[in-house]
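Step one of this worksheet: look at the structure below.
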Amino acid sequence: MRISVAADSKDGVAERVVTELRGRGHDVVTHGALSDEERDDWAWASELAAKDVSEGRADQAVVCCWTGTGASIAANKVPGVRAALCVDAYTADGARKWNDANVLALSLRLTSDVVLDEILDAWLKGRPSTDSVDVANVSHLDEIR
(Lines give C-alpha, C1' and ligand atoms only; values in the text may rest on other atoms or scores of the structure.)
Protein backbone atom coordinates (compact mmCIF):
# COMPACT_ATOMS: atom_id res chain seq x y z
CA MET A 1 0.00 0.00 0.00
CA ARG A 2 1.15 3.56 -0.68
CA ILE A 3 0.89 5.74 2.45
CA SER A 4 1.58 9.45 2.66
CA VAL A 5 3.01 10.64 6.00
CA ALA A 6 3.19 14.24 7.20
CA ALA A 7 4.54 15.79 10.38
CA ASP A 8 5.24 19.33 11.46
CA SER A 9 8.32 18.32 13.45
CA LYS A 10 10.52 15.30 13.98
CA ASP A 11 9.53 15.08 17.65
CA GLY A 12 7.96 12.02 19.23
CA VAL A 13 7.10 9.19 16.87
CA ALA A 14 7.21 11.21 13.62
CA GLU A 15 10.21 9.45 12.09
CA ARG A 16 9.27 6.12 13.65
CA VAL A 17 5.93 6.14 11.78
CA VAL A 18 7.84 6.22 8.50
CA THR A 19 10.29 3.52 9.60
CA GLU A 20 7.53 1.29 10.93
CA LEU A 21 5.37 1.59 7.79
CA ARG A 22 8.33 0.89 5.51
CA GLY A 23 9.28 -2.06 7.70
CA ARG A 24 5.79 -3.43 7.18
CA GLY A 25 6.31 -3.29 3.42
CA HIS A 26 4.46 -0.10 2.56
CA ASP A 27 5.59 2.53 0.04
CA VAL A 28 5.83 5.78 2.03
CA VAL A 29 5.74 9.35 0.73
CA THR A 30 6.85 12.01 3.23
CA HIS A 31 5.78 15.62 3.74
CA GLY A 32 6.50 18.55 6.03
CA ALA A 33 9.37 18.12 8.48
CA LEU A 34 9.93 14.63 7.03
CA SER A 35 10.83 16.17 3.64
CA ASP A 36 13.72 18.56 3.04
CA GLU A 37 11.87 20.39 0.25
CA GLU A 38 8.62 21.35 1.97
CA ARG A 39 7.19 23.74 4.52
CA ASP A 40 6.89 21.90 7.83
CA ASP A 41 3.91 23.71 9.38
CA TRP A 42 1.06 21.35 10.32
CA ALA A 43 -1.59 22.89 8.08
CA TRP A 44 0.55 22.75 4.94
CA ALA A 45 2.10 19.35 5.61
CA SER A 46 -1.23 17.71 6.49
CA GLU A 47 -2.91 19.25 3.45
CA LEU A 48 -0.29 17.70 1.15
CA ALA A 49 -0.68 14.24 2.66
CA ALA A 50 -4.49 14.46 2.53
CA LYS A 51 -4.36 15.60 -1.11
CA ASP A 52 -2.22 12.57 -1.91
CA VAL A 53 -5.17 10.46 -0.74
CA SER A 54 -7.93 12.51 -2.35
CA GLU A 55 -6.09 12.73 -5.68
CA GLY A 56 -5.16 9.03 -5.75
CA ARG A 57 -1.40 9.28 -5.20
CA ALA A 58 -1.73 7.41 -1.89
CA ASP A 59 -4.16 4.85 -0.51
CA GLN A 60 -4.04 6.29 3.00
CA ALA A 61 -2.17 8.90 5.00
CA VAL A 62 -0.85 9.51 8.49
CA VAL A 63 -0.70 13.12 9.65
CA CYS A 64 1.04 14.21 12.85
CA CYS A 65 1.39 17.33 14.94
CA TRP A 66 1.99 18.00 18.64
CA THR A 67 -1.62 17.25 19.68
CA GLY A 68 -2.83 15.70 16.42
CA THR A 69 -5.80 18.06 16.41
CA GLY A 70 -4.48 20.60 13.91
CA ALA A 71 -3.27 17.87 11.57
CA SER A 72 -6.70 16.21 11.62
CA ILE A 73 -8.52 19.51 11.05
CA ALA A 74 -6.31 20.39 8.07
CA ALA A 75 -6.66 16.93 6.53
CA ASN A 76 -10.44 16.98 6.94
CA LYS A 77 -10.66 20.19 4.90
CA VAL A 78 -9.63 18.20 1.80
CA PRO A 79 -12.65 16.76 -0.08
CA GLY A 80 -12.95 12.98 0.20
CA VAL A 81 -10.73 12.75 3.25
CA ARG A 82 -11.98 11.26 6.51
CA ALA A 83 -9.24 11.87 9.06
CA ALA A 84 -9.50 10.44 12.56
CA LEU A 85 -7.40 11.46 15.56
CA CYS A 86 -6.57 8.18 17.26
CA VAL A 87 -4.92 7.79 20.67
CA ASP A 88 -5.32 4.03 21.01
CA ALA A 89 -5.95 0.85 19.01
CA TYR A 90 -9.65 0.74 19.84
CA THR A 91 -10.19 4.21 18.36
CA ALA A 92 -8.13 3.32 15.27
CA ASP A 93 -10.14 0.14 14.70
CA GLY A 94 -13.43 1.99 15.12
CA ALA A 95 -12.33 4.79 12.80
CA ARG A 96 -11.58 2.30 10.04
CA LYS A 97 -14.70 0.18 10.71
CA TRP A 98 -17.46 2.71 11.37
CA ASN A 99 -16.07 5.82 9.65
CA ASP A 100 -14.07 4.30 6.76
CA ALA A 101 -11.35 6.74 7.79
CA ASN A 102 -8.58 7.06 5.21
CA VAL A 103 -6.26 9.39 7.15
CA LEU A 104 -4.87 8.58 10.59
CA ALA A 105 -4.02 11.59 12.76
CA LEU A 106 -1.56 11.15 15.61
CA SER A 107 -0.35 13.25 18.53
CA LEU A 108 3.44 13.49 18.61
CA ARG A 109 3.19 14.36 22.32
CA LEU A 110 0.96 11.50 23.47
CA THR A 111 1.83 8.57 21.21
CA SER A 112 4.45 6.23 22.67
CA ASP A 113 6.30 3.61 20.60
CA VAL A 114 4.20 0.81 22.09
CA VAL A 115 0.92 2.63 21.48
CA LEU A 116 2.04 3.53 17.94
CA ASP A 117 2.56 -0.15 17.14
CA GLU A 118 -0.89 -1.00 18.52
CA ILE A 119 -2.56 1.83 16.60
CA LEU A 120 -0.86 0.87 13.34
CA ASP A 121 -1.79 -2.80 13.83
CA ALA A 122 -5.45 -1.90 14.30
CA TRP A 123 -5.49 0.73 11.55
CA LEU A 124 -3.85 -1.45 8.91
CA LYS A 125 -5.98 -4.51 9.73
CA GLY A 126 -9.17 -2.46 9.87
CA ARG A 127 -11.77 -2.70 7.14
CA PRO A 128 -14.88 -0.59 6.56
CA SER A 129 -18.14 -2.00 7.87
CA THR A 130 -20.64 -3.28 5.32
CA ASP A 131 -23.57 -2.71 7.68
CA SER A 132 -26.12 -0.53 5.87
CA VAL A 133 -26.30 2.02 8.70
CA ASP A 134 -22.53 2.49 8.71
CA VAL A 135 -22.40 2.71 4.92
CA ALA A 136 -25.21 5.30 4.93
CA ASN A 137 -23.41 7.43 7.52
CA VAL A 138 -20.15 7.45 5.56
CA SER A 139 -22.01 8.20 2.31
CA HIS A 140 -23.82 11.10 3.98
CA LEU A 141 -20.50 12.79 4.77
CA ASP A 142 -20.13 13.79 1.11
CA GLU A 143 -23.51 15.56 1.31
CA ILE A 144 -22.62 17.72 4.32
CA ARG A 145 -21.64 21.23 3.31
**OP:** Could you grab me the full set of residues in segment 129-145 that are in a loop (DSSP other than H, G, I, E, B) and surrounded by fewer than 16 Cβ atoms within 10 Å (Cβ to Cβ)?
**Re:** Thr130, Asp131, Asp142, Glu143, Ile144, Arg145
Original post:
Of all the strands (runs of 3 or more DSSP E) wholly in segment 12-122, which have at least 1 residues that are more than 13 Å from the chain's Cα centre (by Cα), at pLDDT 95 or above and not charged (D, E, K, R)?
Top reply: 27-32
**OP:** Please find, among Gly56, Gly126, Gly68, Gly80, the residue that is within 20 Å of Arg2 (Cα to Cα), out of contact with any helix residue (DSSP H, G or I) (no Cβ under 9 Å at 6 or more places or on another chain) and not charged (D, E, K, R).
**Re:** Gly56
**OP:** Among the candidates Ser54, Ser112, Ser35, Ser46, single out the residue that is surrounded by fewer than 16 Cβ atoms within 10 Å (Cβ to Cβ), of a type outside the set (D, E, K, R) and either under 24 Å from Glu15 (Cβ atoms) or in contact with a Pro (Cβ under 7 Å, 6 or more places away or on another chain) (or both).
**Re:** Ser112
Subject >> Subset tally (residues that are in contact with a Ser or Thr (Cβ under 7 Å, 6 or more places away or on another chain) and without any contact (Cβ under 8 Å) to a residue 40 or more places away in the chain) for segment 50-78 >> reply: 3
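The values are calculated or read from the model by the stated rules, or taken from the named source; none is laboratory data. Every value quoted in this text rests on a predicted model; they were computed, and no experiment measured them. Positions of Cβ are generated from backbone atoms using ideal geometry, with glycine treated the same way; all protein chains shown enter the neighbour counts.
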